[in-house]
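J.: Sharing a structure below in structure tokens format, with a few things to ask.
The values are calculated or read from the model by the stated rules, or taken from the named source; none is laboratory data. Just so you know, these numbers come straight off a predicted model, no measurement behind them. Glycine also receives a Cβ, built like all others from the backbone with ideal geometry; neighbour counts cover every protein chain displayed. Remember, those area values only see protein heavy atoms, side chains included, never the ligands or the DNA or RNA. Shrake-Rupley method; radii C 1.70, N 1.55, O 1.52, S 1.80 Å.
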Amino acid sequence: MTDSRTNLGAVPSVFGADLHLDLIGPGLRAGLTDALREAIRTGRLVPGTRLPSSRSLAADLGVARNTVADTYAELVAEGWLTAQQGSGTRVAKRAEPRSEAPAAVRARPAQRRPTYGLLPGAPTLAEFPRTQWLKAARRALTAAPNDAFGYGDALGRVELRTALADYLARARGVHAEPDRIVICAGFHHGLTLMAQVLRARRVAALAVESYGLDVYRDLLTSAGLRIPPVYVDEHGARTDDLTGLSAVGAALLTPAHQYPTGVALTPQRRTAAVDWARATGGLILEDDYDGEFRYDRQPVGALQGLDPERVVYFGTASKSLAPGLRLGWMVLPKELVPEVVAAKGDIDYMSSALEQLTLAEFIASGAYDRQVRTMRVRYRRRRDELVAALARRAPAVRVTGMAAGLQLVLELPPGTENAVVQAAARRGLAVAPMADFRHELADAGWRSAEPDGLVVNYAAPSDSAWAGALDALCGVMP
């Protein structure tokens, strides 16, 4: 018995489906029948798909029309196909086999999706400047050199590095030159690169603030670094304590606006941090995550301006524009540039060259400055509305960390943090307790002295959701 194998090319889509079938078997009819069953069974032909007429498919296969008609009739009888006058032959809707879910899965209650979200970490996405960004993209694409469409320089596009050098110098007081800027895909990517560089330098420990995001602490420990805490109080990180930490070769700080407490590092502690780095040969990693947004105080310049050779400056477009752009930058001490480039690789495979060119044009045209000014006004108004509502409905709650940024802290009576978070969840409100940000290595005595509280993002909710979120928040305050 010979093996008959025929391949069907694509049947024109006017018939409802492109059929790519291998006909395997002792005859064309058996092969066609098996091939159609397999296509339906595997989902390549989905329920409701209209098949070619028997005349058309027979002509494509070069077989008798009766061969196709008999195949269709057999599959209709088996329940694989349906045939109705005027509707043609279609793949039947077949009931999916029911699978028993494990008892533990069946018993698990469904997770309720929050109606309102005040979790920190994101700007308002509804206000992304779509029209202005599109205009900048068109101009950038029109002017883009041919090499922009190739594998890029690991430093990033020179157009963006040049625009950033000018912007950061005038807006943040950063000593920036294009050849010491490296473009990355956000702060997480930049910190990953620096962790690699530090480990290659045999740095054993990197100090972090006692409040911060656990995702970054996890990143650093996964890279093999110890992360002793530097405690934070109302004056920022206690940088004088760096001299007492063993084998620490770097420190990660948020000087302009400590995350998430919102305090600014005092001038004395800024000086202490730089003095420590100079004396020990250490590095300060400065996360300037929302440096553009200041309301009730003069702008606080970047720490990097005090010593560009001892401070690595990180900035991103995540708060000023949107995190989905995946664009960040590192301003490096000159000696670190080759090491970071080596960690990143020989080519820029993380950040889109066209997005880089668009951001460069967006900055150079002044659209970036205008967007920051617009959002600064909007966020300040939101903050003022939140503070005023709390003053009316929850006057016992103290509000701190509100002079800048996108979030503030609500201090709660001792022992009430968990109860407030649970009450908020019952009202469909997602909030972040301070406990989520505390360093797990902080000693119990220090941690127990810290007040309970919530970190509240007033920037992210849409205009339509803001009133409801504000009402729900005030309603759960003790």
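J.: Has region 181-194 got any residue that is of a type outside the set (Lys, Arg), at pLDDT below 95, crowded, with 22+ Cβ neighbours inside 10 Å and not in a strand (DSSP E or B)?
T.: Within region 181-194, not a single residue is of a type outside the set (Lys, Arg), at pLDDT below 95, crowded, with 22+ Cβ neighbours inside 10 Å and not in a strand (DSSP E or B).
Let's see how each residue does on (1) closer than 23 Å to residue 208 by Cα; (2) surrounded by 16 or more Cβ atoms within 10 Å (Cβ to Cβ); (3) not charged (D, E, K, R):
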| residue | (1), (2), (3) |
| --- | --- |
| 375 | no, yes, yes |
| 418 | no, no, yes |
| 422 | no, no, yes |
| 438 | yes, yes, no |
| 466 | no, yes, yes |
| 471 | no, no, no |
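J.: Something else now. Across region 233-248, what is the number of residues that are aliphatic (A, V, I, L, M), modelled with pLDDT under 95 and either surrounded by 15 or more Cβ atoms within 10 Å (Cβ to Cβ) or under 17 Å from residue 439 (Cα atoms) (or both)? Can you show your working first?
T.: Taking region 233-248 and keeping what is aliphatic (A, V, I, L, M), we get 237, 242, 245, 247-248.
Narrowing the set further to residues that are modelled with pLDDT under 95 leaves 245, 247.
Retained after the next criterion (residues that are either surrounded by 15 or more Cβ atoms within 10 Å (Cβ to Cβ) or under 17 Å from residue 439 (Cα atoms) (or both)): 245.
Total satisfying the criteria: 1.
J.: Let me ask something else. What number of residues within region 384-403 are in contact with a strand residue (DSSP E or B) (Cβ under 8 Å, 6 or more places away or on another chain) and either among the hydroxyl-bearing types (Ser, Thr, Tyr) or open to solvent by less than 10 Å² (accessible area, probe 1.4 Å) (or both)? Write out each step before concluding.
T.: Of the residues in region 384-403, the ones in contact with a strand residue (DSSP E or B) (Cβ under 8 Å, 6 or more places away or on another chain) are 386-387, 390, 397-403.
From what's left, either among the hydroxyl-bearing types (Ser, Thr, Tyr) or open to solvent by less than 10 Å² (accessible area, probe 1.4 Å) (or both): 386, 390, 400.
Count: 3.
J.: Name every residue in region 124-143 that is modelled with pLDDT of 95 or more and outside any helix (DSSP H, G or I), in order of residue number.
T.: If the condition is that a residue be modelled with pLDDT of 95 or more and outside any helix (DSSP H, G or I), then 128, 129 are the ones that fit.
J.: Does any residue of region 249-261 turn out to be among the aromatic types (Phe, Trp, Tyr), open to solvent by less than 40 Å² (accessible area, probe 1.4 Å) and in a loop (DSSP other than H, G, I, E, B)?
T.: Residues of region 249-261 among the aromatic types (Phe, Trp, Tyr): 259.
Right, trim to open to solvent by less than 40 Å² (accessible area, probe 1.4 Å) and you get 259.
Then drop every residue that is not in a loop (DSSP other than H, G, I, E, B), which leaves 259.
Within region 249-261, one or more residues are among the aromatic types (Phe, Trp, Tyr), open to solvent by less than 40 Å² (accessible area, probe 1.4 Å) and in a loop (DSSP other than H, G, I, E, B).
J.: Examine region 371-393 for a residue that is out of contact with any helix residue (DSSP H, G or I) (no Cβ under 9 Å at 6 or more places or on another chain) and outside any helix (DSSP H, G or I), and state whether such a residue exists.
T.: Looking only at region 371-393, we keep the residues that are out of contact with any helix residue (DSSP H, G or I) (no Cβ under 9 Å at 6 or more places or on another chain), and these are 373, 376-377, 379-381, 383-384, 387-388, 391.
From what's left, outside any helix (DSSP H, G or I): none.
Checked against the condition, which is being out of contact with any helix residue (DSSP H, G or I) (no Cβ under 9 Å at 6 or more places or on another chain) and outside any helix (DSSP H, G or I), region 371-393 yields no hits at all.
J.: Additional query: Kindly indicate whether residue 288 is within 17 Å of residue 185 (Cα to Cα) and acidic (Asp, Glu). Steps first, answer last, please.
T.: Details: within 17 Å of residue 185 (Cα to Cα): yes; acidic (Asp, Glu): yes.
Criteria met by residue 288.
J.: Return the residue satisfying two criteria in turn: it lies in region 344-368 and is of a type in the set (Ser, Thr, Tyr) and part of a loop (DSSP other than H, G, I, E, B), and of such residues it is most open to solvent (accessible area, probe 1.4 Å). Break it down into steps so the answer makes sense when it comes.
T.: Pass one, region 344-368, residues of a type in the set (Ser, Thr, Tyr): 349, 351-352, 358, 365, 368.
Among the residues that remain, those that are also part of a loop (DSSP other than H, G, I, E, B) are: 349, 351-352, 365.
Values: 349: 146, 351: 11, 352: 59, 365: 47 Å².
Residue satisfying both the conditions and the ranking: 349.
J.: Could you say which residue among 268, 304 is within 21 Å of residue 216 (Cα to Cα) and part of a helix (DSSP H, G or I)?
T.: Working: 268 fails: within 21 Å of residue 216 (Cα to Cα).
So the residue among 268, 304 that is within 21 Å of residue 216 (Cα to Cα) and part of a helix (DSSP H, G or I) is 304.
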